[in-house]
Amino acid sequence: MKLRQTYGPLIDAVPELKEYLNVSEQTFILASELGGNSPADWGTLEAGVLSLLMYHSLNASLSVRLLTTFAQPIEAFALLRIRFEQVIVSSYLINSDKKEGFDPFISDINRTDYRYSQAIKNIDPTLYGFMEKIFKDDIELVKLKTFFNERSLDPSFDFDKDQLKSNWTNLKKYDMCIKRDKLVDKNDPIQSIKLSQIYLSIYKSASIYIHCETGILTENFLSNYKGQLSPNIVLVLTNLINVAQLDLIQNYEILKFIKPNKTQKLIDLYSSYNEMVLRDYQFIIDKIVKAL
């Protein structure tokens, strides 16, 4: 099996990990190739947003894989939460009503730079004054774009009286998972996977490390193998299993949104992935223990 990317030394000691790395790579390759190369394939505004989200997702997924195969599974697990949030947002946009998903999401893009400039102005007026001298035209352009964006949504919007929305949606990530799970096709082999269940296993657990809570000192993150402190080795395999599943879900849903009749190869890949997980789990864990 020839992988497209170069990974860390763990795959030499445990070559079975290559299969999971290959699943992640293939999900992005298939979604990109089957989605089409012509402007008409990705020509809508919504498809353009999804393609940009795919770019971020590809890099986040690769970072999880690289850190894991370089024996940094705890740090990779923290990054896995970011990867999961990308899946939540992408899936919610695809499956929710356009007025609750794509429309507010896209309109919020133009508010981002203005929010940043105002945050600096409120926190450090001196720094903002310095920036205003150097980037005056850029700041004015950002304000102008934001103004026209808000006026297109609310003709009576007034910068001096009205406040910008703080986010494109009032839903928390878990709420988005719950709502998305209710909207998807329950008979679809991939979309029927409940993001709300993944939230409990990844998002909540990874938050312990991200926020430096006391749980990071437990055996969930650290192990004392042969008298030597090391990361919990189970994370090596579960990181790659989880990121492959997230890659499958997101790329499948995007491809189904763009080309609903082109998804069979990703469904077949998901079936193979499930067989791998059931077949190899304990065997690979034992090999990782010996390798480390």
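The values are calculated or read from the model by the stated rules, or taken from the named source; none is laboratory data. For clarity, every value in this text was computed on a predicted model and none was experimentally measured. With ideal geometry, Cβ positions are generated from the backbone for all residues, glycine too; neighbour counts draw on all protein chains shown.
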Exercise. Would you be able to say whether some residue in segment 106-120 is charged (D, E, K, R), surrounded by 15 or more Cβ atoms within 10 Å (Cβ to Cβ) and at pLDDT 85 or above?
Key: yes
Practice problem: Evaluate the following for ASN122: is it under 30 Å from ILE88 (Cβ atoms), of a type in the set (S, T, N, Q) and part of a loop (DSSP other than H, G, I, E, B)? | Solution: no
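Which of the helices (runs of 4 or more DSSP H) contained wholly in segment 1-96 include at least 1 residues that are modelled with pLDDT of 95 or more, within 18 Å of GLN191 (Cα to Cα) and among the charged types (D, E, K, R)?
Working: elements: 10-13, 17-35, 45-69, 73-95.
Ranges flagged: 73-95.
Okay, residues lined up against (1) out of contact with any His (no Cβ under 9 Å at 6 or more places or on another chain); (2) assigned by TED's automatic domain parsing to the domain that holds PHE221; (3) without any contact (Cβ under 8 Å) to a residue 24 or more places away in the chain:
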site: ARG4; (1), (2), (3): yes, no, no
site: GLU19; (1), (2), (3): yes, yes, no
site: SER32; (1), (2), (3): yes, yes, yes
site: ASN37; (1), (2), (3): yes, yes, yes
site: ALA40; (1), (2), (3): yes, yes, yes
site: MET54; (1), (2), (3): yes, yes, no
site: GLU75; (1), (2), (3): yes, yes, yes
Practice problem: Taking only segment 89-131 into account, find how many residues are of a type in the set (Val, Ile, Thr), in contact with a helix residue (DSSP H, G or I) (Cβ under 8 Å, 6 or more places away or on another chain) and either closer than 30 Å to LEU246 by Cβ or in contact (Cβ under 8 Å) with a residue 60 or more places away in the chain (or both). | Solution: 3
Exercise. Could you tell me which numbered condition VAL49 fails, if it satisfies all but one of (1) over 26 Å from VAL277 (Cβ atoms); (2) surrounded by fewer than 16 Cβ atoms within 10 Å (Cβ to Cβ); (3) touching a residue at least 24 places away in the same chain (Cβ under 8 Å)?
Key: (2)
Quiz prompt | Residues located in segment 63-73, provided they are surrounded by fewer than 18 Cβ atoms within 10 Å (Cβ to Cβ) and either closer than 23 Å to SER107 by Cα or among the hydrophobic types (A, V, I, L, M, F, W, C) (or both) | solution = LEU66, PHE70
